[in-house]
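The structure appears right after this line, and notes come after that.
No lab work stands behind these numbers, since they all come straight from the coordinates. What you see is a predicted model; the values in this text were computed from it and never measured. Because the Cβ atoms are built from the backbone with ideal geometry, glycine has one as well, and the counts that use them run over all protein chains shown.
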Amino acid sequence: MKKKVSKLDKLIVKYLTRESSKKELDKLEKELNEEVKSKESLEDYIKINVVSDFVLQKFDIEKTRTALLHKIAEDKRKATNAKVIKLVKYAAAAVFAGTLITGVFFKASLFNTITNNTQVVKTEIKGGLSKPTLSLEDGSVVILENGKQVNVGNATTNGKELTYLPSNEQNKEVIYNSLTVPRGGEFALELADGTKVWLNSESKLKYPVHFKKGRTRSVELVYGEAYFDVTSSEDNNGDGFNVITNQQNIAVLGTEFNIKAYKDENFIYSTLVDGHIVLENKSFKADMLPGQQAVIANGISEKVEVYNVNVENEIAWRKGNFNFKNKSLKEIMKVLSRWYDVDFVIENKELENINFKGVLGKNQDIETILQIIKNTSNINAYEIENRIVYIK
């Protein structure tokens, strides 16, 4: 018989997934302060959500409850004037009292003791460390280093974001730049019309340094993944906005959407977050609504399939997370290889199709991520040698 989800279960879940309102935070604190009742409910919650490897181990329920109360009090102080609680950075691993690792929620500041069963760390490999390159029309290349101020034409960057200033030079020929983000990083870009673009690892965008009035504002996602927050046509003399990939064209009026078009993936995914877009692929056309995703077989089919999806799952990377819900190990390894700039070798091919259901923080080193996956799947072990990860 399936156990009924308690009020405390729901409050804990909302707290650990950053969805608690101020009122819900007060309720959670009150629940946890009710000694006997909260201890029993919290213990049940932990047992249900615990990783199987640790289910028979003892844990200190009182220490866990105290830790939760301490963190709630701390977050309440930080969120006095906030409508929604903004929690501190999430870790990929969470451990209760040194022995318990949760299988769904990971928060280092609350659960901060690593079990003795953790893989020995050989090399600390972190993501977000790569240096994007800016390619100019004359063929020259500028490396964008973090914290380093660079001025190029009507653009400036501090190594984290590249910003183009509006230009009144309407008579000049349109000049194109390309921004390439290699494996191991992300980068933000603001175009001359105010449109903002976030590029994920191993992505390339080609765009004009200024837009001419009376023409459609067009950019090309050469490959990779990008999130667009497009300024409206009303703010740009009625000029629309187009995003071109190798198999599709997206016409935009002013909206937010995500395109995932990696060369080594089987499908191209276009997800509408807000607003309105029209996606065209030769003879196929999709007029999309928020919450919908268009899928095209990469290089195989011209047909466009449209589905309703959980948008938050699709854009988790923009919020600093890996969303691996219902993803196979093979798919997960592709994502990790881009972010950490490593290669994977899955020695047991039967493991490629096993699924993982976690949401992990991208700010963690690869050892922590791998340990979580190991403890929540059928992986026996892993080794890292010269930026190659061997999955056993």
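Here are the numbers:
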{"read-out": "Placed amide H near Asn321: partners under 5 Å, 5+ positions off or other chain", "value": "Lys362"}
{"read-out": "Long-range HN-HN contacts of Ile175 with modeled amide H, under 5 Å", "value": "Val209, His210"}
{"read-out": "Amide hydrogen neighbours beyond the local backbone of Lys327, cut-off 5 Å, H modeled", "value": "Phe356"}
{"read-out": "Separation of the Ser328 and His70 label points, Cα + 7 Å toward Cβ, nm", "value": "4.4 nm"}
{"read-out": "Additional length obtainable on full extension of the chain from Leu165 to Asp26, 0.36 nm per residue less Cα span", "value": "45.5 nm"}
{"read-out": "Contour excess over end-to-end distance, with Cα ends at Lys172 and His276 and 0.36 nm allotted per residue", "value": "34.3 nm"}
{"read-out": "Cα point-scatterer Debye curve for segment 320-391, base-10 log of I(q)/I(0) at q = 0.23 Å⁻¹", "value": "-1.09"}
{"read-out": "Dipole moment magnitude, nearest 20 debye, segment 255-370 about Cα centre, only Lys, Arg, Asp, Glu C-beta charged", "value": "140 debye"}
{"read-out": "Alpha carbon convex hull of segment 133-316, projected area averaged over orientations, nm²", "value": "10.5 nm²"}
{"read-out": "Distance between segment 162-220 and segment 221-295 - C-alpha centres, whole angstrom", "value": "15 Å"}
